[in-house]
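See structure below.
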Amino acid sequence: MRKQIVFLILLGIPFFAMADHITGGQMYYKYTGTTNGLNHYNVTLKLYMRCNSGRQFPDPGYVSVFDKSTFARISDIPVSLSNQETLTLTDNNPCITNPPIVCYIVGYYNFIVSLASSVNGYILSAQINFRIDGISNLVSGYGQTGATYTTEIPGTSSLAAADINSSAHFTGVDLVVSCAHNAFSYNFAAVDEDSDELHYYFCNAYATGGGGGRGGEGAPASPPPYSRVPYGAGYSGSSPLGNNVKINASTGLITGLAPTEGIYVVTVCVDEIRNGVVIATQRKDLQVNIADCNIAAASLLPDYLLCGDTKTITISNQSVSPLIKTYNWDFFDNKGDLLYSSSEGNVSYSFPDTGSYSVKLVINRGGPCSDSVVSLASVYPGFVPAFEFSGICIAKPTVFTDASTSVYGTVNSWEWDFGDNADDGNFSENTTHTFAVTGPKNVQLIATDTKGCRDTITKTVNIVDKPPIQLAFRDTLICLNDKVPLLASGSGIFSWTPEVNIVNENTPNPIVSPTVTSVYFVHLDEEGCLNDDSVKINVVDHVTLQAMNDTTICSSDTIQLKLISDGLNYSWTPASQINNALLSSPVAVTDVTTTYNVTAVIGSCSASDRVVVNTVPYPTAKAGDDKLICYNTSVQLQAASDGNIYLWTPAASLTNASILNPVANPQASTDYVLFTYDSKGCPKPGKDTVLVTVLPDIIAFAGRDTAVVTGQPLHFNAAGGVSYLWEPSTGLSANDIADPVGIYNFPSPGILYKLYVYNEAGCTDSAFMTVKVFNTKPSVFVPTAFTPNSDGRNDRLRPIAAGMKNIEYFNVYDRWGQLVFSTHTSGEGWDGTIGGQPQGTGTFVWIVKAMDYSGMPYFQKGITTLIR
């Protein structure tokens, strides 16, 4: 059973010494008036602590005030604990198996801060050194990371009188229980006394790292900007709970499926928008504890996006609680018409066309723990998220351009995550971002279209400290008086030096013609991001070329032609015998002596040389025709060669492995390989193979001895070979086939047939068969007495069938009617024992039932005497 997980939302704004028992909170303020040029704000800091932690809220702590633009420290305010309360979830839902205990203590810090009206505005910050250890959506092994919690007071630069502001205040209930892989919702809605428009989104959680100085351990906070926490693979500030959880930008409602067991950092930002201008951003930082439990629920993803290349959905309830007994699925089109129903636990359905559909699941209909859910299925294949980027220099803007496409809709939503510590909530179609640190950055774009399709693409952008220059070469040769283009590529403005014997020195690809070996330096300027490189041009007045020495090879062998040269291009002839005539060291194949000519070129300079390859034929080797021999016999191999040394393998079954015509005596089919050598100059052997196939031993079978009656056809069925011969041919329809038919018109005490069996090689073996012929009707003969004394005569009571197709049964009973023996095979008999114990002298009854050769039934019984 898959375990479900309870989702315990515990807010996280711990901000003082060793506060790893603090699990969350928020900071907000209310404008109360202005006197003597100072704006007064009533600030509340709300902290959450685990119940029974054995720890206390810090009292007092610090909240620091910074200039929002310059990050200059304005003041550090000691804050006292005002009051605290305990919150406990007491609703024991009978549909939850193993429900967790949800309990935490809330501490409140209230204080007044008076600040002069500012163009830039202010940031209020509080910090702790440690979050709870082992957070699941952070990098494994990172250890306890700190936390920074902020609230913003707007300045007047963005909007006049923006500082006359009461912050947005998150008001959602913080006792939330939901099991993993089940639908849940958490309300992050905020209220704003100024009636500002609010926009919600997931954003990066802050660590304690900032602009330097102090922070944590009961000390004032360090100044901004603040670094984000190190998210692990599959998570980010914009996807803190994975891709199955999202937030409504207008309402602040989080919905989706809870992830697996663990603790997760989640931060929600809300922008305060006044007259179309964002004047401040408030934050709520959560540490989410997901505990172990099961819940009976109808749980589906919020939506199912069939935006790829299929219109078929395979869907199942995300909850697998043992309390779920029944399922009812209904699929509807956008008109509400029912398309398909099912009562299976897992359902597959192919939608008839593109469009929006709804899927409804009801569990335990009419019973305990009944629940239902409706999810949207968007069937619009052809949605592909994509983006391009340019500019990869540190501290310079990198331009990101959306390239997403949609077949049925229009791309209308974008959410960027640049894989660093900045730019939360970037929702532009095309945007720029300035990276502060070099190295690879995993940039993520979540794109959505007007049909509801949503998908994610991630690309790695490698940020460097200088723009890359790609050079076609860094060192080359030219011939005196030749010209060569210098081939470079990159983004920016190019310039080359020295400006000697060069044309178009301010382009990526100038042309140079130095008279002596020279180094040309390239400089690349991409909007102030600089890089330099160089190319060396070696100038020569001739080509150096020395081909390999003449050599000898065996005919049709390959040889690699080698040379020593500083040439840049090569040409070999004859090209038809060379794998690539333009290589410096190609491979040649020839069966006759050949002269190979080579020309090496550097621009207008060239040189030529040659190599003579002498060929010597391989020694001939003819191992002879393949052989077919009888089992356990030998054969003489008949080989031929113009060589003078011979070697056969394998040698173990040969009389002499170093002669042309040894005698082979293999026990199984064997490939004999002949190697021949000569003294004509080819060091390699000639080789050929002969297969000696050893036929298996003949196992001749004529059939079992039998009895027939006169006029009864007897079908013979020999086996063991490919041809047969019966002697004598008495009564047989043919004597040279395996299955003749015998018909007998006269009785006989026994006709002894000898069968000769032959295989493919003419090897032979023989077998015998006796046929008795009775001048009676079809009968089963049973002796009236038998003597089981192991003298080899009349030791068993056997039924002897004559003229019978088969014996259905032959049973023997003692005088009390107990069955002591039974068989259905003619000639198989009773040995006079019961259960392995010899029986004494006595009388026994036998009964036989059979069918004769004409298909008529036969039944007979009688008495026999066992004599000891």
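The values are calculated or read from the model by the stated rules, or taken from the named source; none is laboratory data. Since the model is a prediction, treat every value here as computed from it, not as a measurement. Counting neighbours? That spans all protein chains shown, and the Cβs are built from the backbone with ideal geometry, glycine included. All accessible areas refer to the heavy atoms of the entire protein, side chains included, with ligands and DNA or RNA removed. Shrake-Rupley method; radii C 1.70, N 1.55, O 1.52, S 1.80 Å.
A Cβ distance below 9 Å, combined with a sequence gap of six or more or placement on separate chains, defines the contacts here; from the range 344-367, residues that are closer than 22 Å to Asp449 by Cβ and touching a residue at least 40 places away in the same chain (Cβ under 8 Å) reach residues that are open to solvent by 40 Å² or more (accessible area, probe 1.4 Å) and of a type in the set (S, T, N, Q) in the pairs Phe351/Thr312; Ser356/Asn334. Taken as a whole, the condition of being assigned to a loop (DSSP other than H, G, I, E, B), in contact with a strand residue (DSSP E or B) (Cβ under 9 Å, 6 or more places away or on another chain) and buried (at least 16 other Cβ atoms within 10 Å of the Cβ) applies to Ala298.
Conditions (1) among the basic types (Lys, Arg); (2) in contact (Cβ under 8 Å) with a residue 12 or more places away in the chain; (3) assigned to a loop (DSSP other than H, G, I, E, B), marked per residue:
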site: Ser584; (1), (2), (3): no, yes, yes
site: Ala588; (1), (2), (3): no, yes, no
site: Val592; (1), (2), (3): no, yes, yes
site: Tyr596; (1), (2), (3): no, yes, no
site: Ala600; (1), (2), (3): no, yes, no
site: Asp609; (1), (2), (3): no, yes, no
site: Asn632; (1), (2), (3): no, yes, yes
site: Trp648; (1), (2), (3): no, yes, no
site: Ala651; (1), (2), (3): no, no, yes
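In contact with a Phe, Trp or Tyr (Cβ under 8 Å, 6 or more places away or on another chain), open to solvent by 50 Å² or more (accessible area, probe 1.4 Å), of a type in the set (A, V, I, L, M, F, W, C) and within 30 Å of Thr670 (Cβ to Cβ) - does that describe any residue in the range 755-769? Looking for residues that are in contact with a Phe, Trp or Tyr (Cβ under 8 Å, 6 or more places away or on another chain), open to solvent by 50 Å² or more (accessible area, probe 1.4 Å), of a type in the set (A, V, I, L, M, F, W, C) and within 30 Å of Thr670 (Cβ to Cβ), one finds none in the range 755-769, hence no. What do you reckon, is Pro857 open to solvent by 80 Å² or more (accessible area, probe 1.4 Å) and free of Cβ contacts under 8 Å to residues at least 40 places away in the same chain? Here the answer is yes, as Pro857 does meet what is asked. Looking at the range 431-438, can you tell me whether even one residue there is surrounded by 14 or more Cβ atoms within 10 Å (Cβ to Cβ) and of a type in the set (Gly, Ala, Ser)? No, because not a single residue in the range 431-438 is surrounded by 14 or more Cβ atoms within 10 Å (Cβ to Cβ) and of a type in the set (Gly, Ala, Ser).
For Cys682, the criteria (1) over 30 Å from Val616 (Cα atoms); (2) open to solvent by less than 60 Å² (accessible area, probe 1.4 Å); (3) not in a strand (DSSP E or B) hold in every case but one, which is (1).
Please tell me if Thr776 is hydroxyl-bearing (Ser, Thr, Tyr), within 26 Å of Phe844 (Cβ to Cβ) and in contact (Cβ under 8 Å) with a residue 24 or more places away in the chain. Criteria met by Thr776. Scanning the range 482-526 for residues that are acidic (Asp, Glu) and under 52 Å from the mean Cα position of the chain (by Cα) yields a count of 3. When Thr410, Thr405, Thr398 are screened for being hydroxyl-bearing (Ser, Thr, Tyr) and open to solvent by less than 50 Å² (accessible area, probe 1.4 Å), only Thr398 passes.
Looking at the range 471-506 only, could you name the residues that are surrounded by fewer than 17 Cβ atoms within 10 Å (Cβ to Cβ) and in contact with a Phe, Trp or Tyr (Cβ under 8 Å, 6 or more places away or on another chain)? Of everything in the range 471-506, those that are surrounded by fewer than 17 Cβ atoms within 10 Å (Cβ to Cβ) and in contact with a Phe, Trp or Tyr (Cβ under 8 Å, 6 or more places away or on another chain) turn out to be Leu487, Thr497, Pro498, Asn506. Across the range 269-295, the qualifying residues are those that are within 32 Å of the chain's Cα centre (by Cα) and open to solvent by 10 Å² or more (accessible area, probe 1.4 Å), and the one among them that is modelled with the lowest pLDDT is Ala291.
Among the residues making up the range 652-679, those that are more than 13 Å from Val690 (Cα to Cα), under 55 Å from the mean Cα position of the chain (by Cα) and open to solvent by 50 Å² or more (accessible area, probe 1.4 Å) are Ala652, Asn665, Gln667, Ala668, Tyr677. A count restricted to the range 783-837 and to residues that are acidic (Asp, Glu) and touching a Lys or Arg at 6+ places or on another chain (Cβ under 6 Å) stands at 2. When Pro381 is tested against (1) closer than 30 Å to Gly439 by Cα; (2) in a loop (DSSP other than H, G, I, E, B), only condition (1) is not met.
Residues that are of a type in the set (A, V, I, L, M, F, W, C), assigned to a loop (DSSP other than H, G, I, E, B), open to solvent by 40 Å² or more (accessible area, probe 1.4 Å) and touching a residue at least 24 places away in the same chain (Cβ under 8 Å) within the range 507-560 comprise just one, Met548. Can you tell me which residue in the range 97-112 is modelled with the lowest pLDDT, limited to those that are within 30 Å of Asn182 (Cα to Cα), hydrophobic (A, V, I, L, M, F, W, C) and part of a strand (DSSP E or B)? In this case the residue turns out to be Val102. Condition check for Ala668 on (1) in a strand (DSSP E or B); (2) under 22 Å from Cys630 (Cα atoms): one failure, at (1). For the range 231-273, the set of residues classified as on the phi > 0 side of the Ramachandran plot and part of a loop (DSSP other than H, G, I, E, B) consists of Gly234, Gly242, Gly252, listed by residue number.
Note on the range 335-367: residues that are under 32 Å from the mean Cα position of the chain (by Cα) and in a loop (DSSP other than H, G, I, E, B) amount to 6.
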